[in-house]
Amino acid sequence: MKKLFTAIILYIAVVPVTGKIAAQQLEKLWETDSTFKVPESTLYYPAENVIFVSNIDGQPGEKDLKGSISKLGADGKTIQEVWATNLSAPKGMAIHQNKLFVADIDEVVVLDLGSGKVMQGIPVPGAVFLNDVTVHSDGTVYVSDSRTGKVHQIKGTTVTTYMENKNGVNGLLVSGDDLYLAVKDTLWKADKNKNLTRIADGIDASSDGIIETSDKDLIVSCWSGIIYYINKDGSKKVLIDTRKEKSNTADIGFDVANNILYVPTFFKNKVVAYKVSK
């Protein structure tokens, strides 16, 4: 009875802040102050137990060099409000071999993971709105362009078009040799030969970030304010819906070892952490 009462209290305590929540699925751990500047993406880095936060701080498609990356502790306390600069509208991020790769409008910016300094910018020919980035274990980078409907591949500094005609493509995630793509209301999986499999459809058309759980299930965020839990069989359920609160759920980060989800709230200028459980 005590356990049931505690669960009910937790549910009641969370709902006013976070909207509709699937019972016993998310537990809110903390919420930062509104100190970020249009946070678009979060990325958990287990080696340092920190979260990188990309701040657009301006127009999402304007090359104004206002953007930055912040460094946040896993406890929700800011470590460094401005860890990296010389970015315009940074969005998705990925880490490989002490480098942080950042999608920034028409180039992928490579930052030194130790210092935050820009190592190089890799222009993507014809890019208009680079949005998310993911890296294969062999160092191959994939970056989406939501405006052109293309996914580009970067090996070293050589850029090629890996996939096209995916209008609205945003979230990307490499898992083994597979590449997951969030394309509007559909989640796809491309194998190493680019053969596409539809994983789930009927999600909100503003699909944004993709993360993989320790069980190899997927969590997909949608910018409008909805986050879905998608099982391996393609079945799905809504974890959270904050549309009424007008709190966007942009490109999510995840601590896979502890099942903690980090949600950037875009115009609310906050990051919120949730414990995910079954």
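Here are a few things to note about the model shown:
- Qualifying positions in segment 243-259 - hydroxyl-bearing (Ser, Thr, Tyr) and in contact with a strand residue (DSSP E or B) (Cβ under 8 Å, 6 or more places away or on another chain): Thr249
- Members of segment 243-265 found to be open to solvent by less than 20 Å² (accessible area, probe 1.4 Å) and not in a loop (DSSP other than H, G, I, E, B), listed by number: Asp251, Gly253, Asp255, Leu261, Tyr262, Val263, Pro264
- Scanning segment 208-232 for residues that are open to solvent by less than 10 Å² (accessible area, probe 1.4 Å), among the small types (Gly, Ala, Ser) and in a loop (DSSP other than H, G, I, E, B) gives a single hit, Gly225.
- Residues that are under 21 Å from Thr160 (Cα atoms), part of a strand (DSSP E or B) and out of contact with any Leu (no Cβ under 6 Å at 6 or more places or on another chain), drawn from segment 62-98: Ala94, Ile95, His96
- Inclusion of Lys237 among residues that are in a strand (DSSP E or B) and open to solvent by 70 Å² or more (accessible area, probe 1.4 Å) is warranted.
- Every pair of residues 6+ apart whose Cβ atoms lie under 6 Å, when the first sits in segment 213-233 and is under 18 Å from Ser41 (Cβ atoms) while the second is assigned to a loop (DSSP other than H, G, I, E, B) and open to solvent by 70 Å² or more (accessible area, probe 1.4 Å): Ser224/Arg243; Gly225/Arg243
- Here Tyr229 qualifies as out of contact with any Gly (no Cβ under 6 Å at 6 or more places or on another chain) and of a type in the set (Phe, Trp, Tyr).
- For segment 157-196, filtering for residues that are aliphatic (A, V, I, L, M) and out of contact with any Lys or Arg (no Cβ under 8 Å at 6 or more places or on another chain) leaves 6.
- Number of the condition not met by Asp215 [criteria: (1) within 15 Å of Ile51 (Cβ to Cβ); (2) modelled with pLDDT under 95]: (1)
- Out of Thr148, Thr186, sole residue that is among the polar types (S, T, N, Q) and within 18 Å of the chain's Cα centre (by Cα): Thr186
- A count restricted to segment 106-145 and to residues that are more than 16 Å from the chain's Cα centre (by Cα) and hydroxyl-bearing (Ser, Thr, Tyr) stands at 3.
- Filter pass, Asp178 being among the charged types (D, E, K, R) and farther than 14 Å from Val151 by Cβ: no
The values are calculated or read from the model by the stated rules, or taken from the named source; none is laboratory data. Everything numeric here is computed off the predicted structure, so don't read it as measured data. Neighbour counts are summed over all protein chains in view; Cβ atoms, including those assigned to glycine, are modelled from backbone coordinates with ideal geometry. Accessible surface is based on the protein model in full, side chains and every heavy atom, while ligands, DNA and RNA are left aside. Shrake-Rupley method; radii C 1.70, N 1.55, O 1.52, S 1.80 Å.
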